[in-house]
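Report on the following structure.
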Amino acid sequence: MRLRRVKDALEIVEASKYIVLNPEEYKGKFNTLFNNDNPIHVEIGMGKGDYVVGMAEKYPDINFIGIEKYESVMVRGVQKLEDTDYKNLKLLHMDALNICDVFDHEIDTIYLNFSDPWPKNKHAKRRLTSEVFLKLYDNIFKGEPHIVQKTDNILLFASSIESLSKYGYTIEKCSLDLANEDIENVETEYEKKFKAKGYKINYLDAVKYSKK
Ligand SMILES: C[S@@+](CC[C@H](N)C(=O)[O-])C[C@H]1O[C@@H](n2cnc3c(N)ncnc32)[C@H](O)[C@@H]1O
């Protein structure tokens, strides 16, 4: 189906049973939306959603929330979900800058897959691993903050390692070629495209341990 206008995309996205239209109302109690106390994992910048949907399918005892800023992208994922019934999946159409309006110390893991690299120094604060975002994430994690990142972009990857380390995260796993590691993986749309072109995928898994 060709979408005539962005407005069509917004209508389709908002009509999806997976979309939480009023996420602020669930702040601090997203577990009630899932009717269980299973861990909640969030993908920021889910794009068309292959990853977050694949993860929800693979790990039914974890609740997954996909966040995406643009309805024009999200609509493609929503359309693919029409005939599905995942009990452990919700989607939020919002900018991650507002994440603290929506969550309160209830998230276990954040996934950042092929995030926009913002290569210019003057835009560094917009990177989803900049200190600006790491401070926001502190307010939404339930326990020790846990971030998993995949990217083709080595500059973003280096910037993330620096920013996470400065902010107190320990890089538990790190790879410059995810395909050659023994790491459980669900591929994203961008990952599939980059792999097809022969690009190597960078991967990190970072935890901010509480001080003892
Ligand atoms: C390059 S795409 C990657 C999509 C998907 N994660 C993948 O790996 O195939 C990055 C996505 O992040 C979204 N995004 C970027 N900044 C965002 C923000 N602040 N809040 C929510 N989504 C954001 C973009 O709209 C875009 O769809």
Next on the checklist: Longer than 20 Å from Cα to Cα, which of 58/90; 17/87; 48/69; 80/200; 87/193 are they? Say none if no pair is.
Outcome noted: 80/200; 87/193
Checklist entry - Could you give the longest part of the chain that holds none of the GluC sites (Glu not before Pro) found in DSSP loops with at most 12 neighbouring Cβ atoms within 10 Å? => result 83-183
Checklist entry - How many angstrom lie between the C-alpha centres of the stretch 110-175 and the stretch 63-105? => result 20
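How big is the stretch 39-128 by the Kirkwood estimate over distinct Cα pairs, in Å? Please report the intermediate quantities before stating the final value.
Numbers: mean 1/r = 0.0727 Å⁻¹.
Radius from the Kirkwood sum: 13.8 Å.
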Item to check | the stretch 6-207: relative contact order as a whole-number percent, Cα under 8 Å and 6+ apart | outcome: 21
Checklist entry - Per residue, how much space in cubic angstrom lies within the convex hull of the C-alpha atoms of the stretch 172-212? => result 85
Item to check | Residue order, fewest to most beta carbons within 10 Å, for 201, 99 | outcome: 99, 201
Checklist entry - Roughly what would the spin-label model give for residue 83 and residue 124, points 7 Å off Cα along C-beta, in nm? => result 5.0
Checklist outcome for this item: Cα-based Debye curve of the chain sampled at q = 0.09 Å⁻¹ gives log₁₀ I(q)/I(0) of -0.34
Checklist entry - How high is the relative contact order of the stretch 35-149, given as a whole-number percent (alpha carbon pairs under 8 Å, six or more residues apart)? => result 28
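Every read-out reported here was derived from the displayed coordinates using simple, explicitly stated rules and does not represent laboratory data. Remember, it's a predicted structure, so these values are computed and weren't measured experimentally. As a convention, Cβ positions derive from the backbone with ideal geometry for all residues, glycine included, and neighbour counts pool all protein chains shown.
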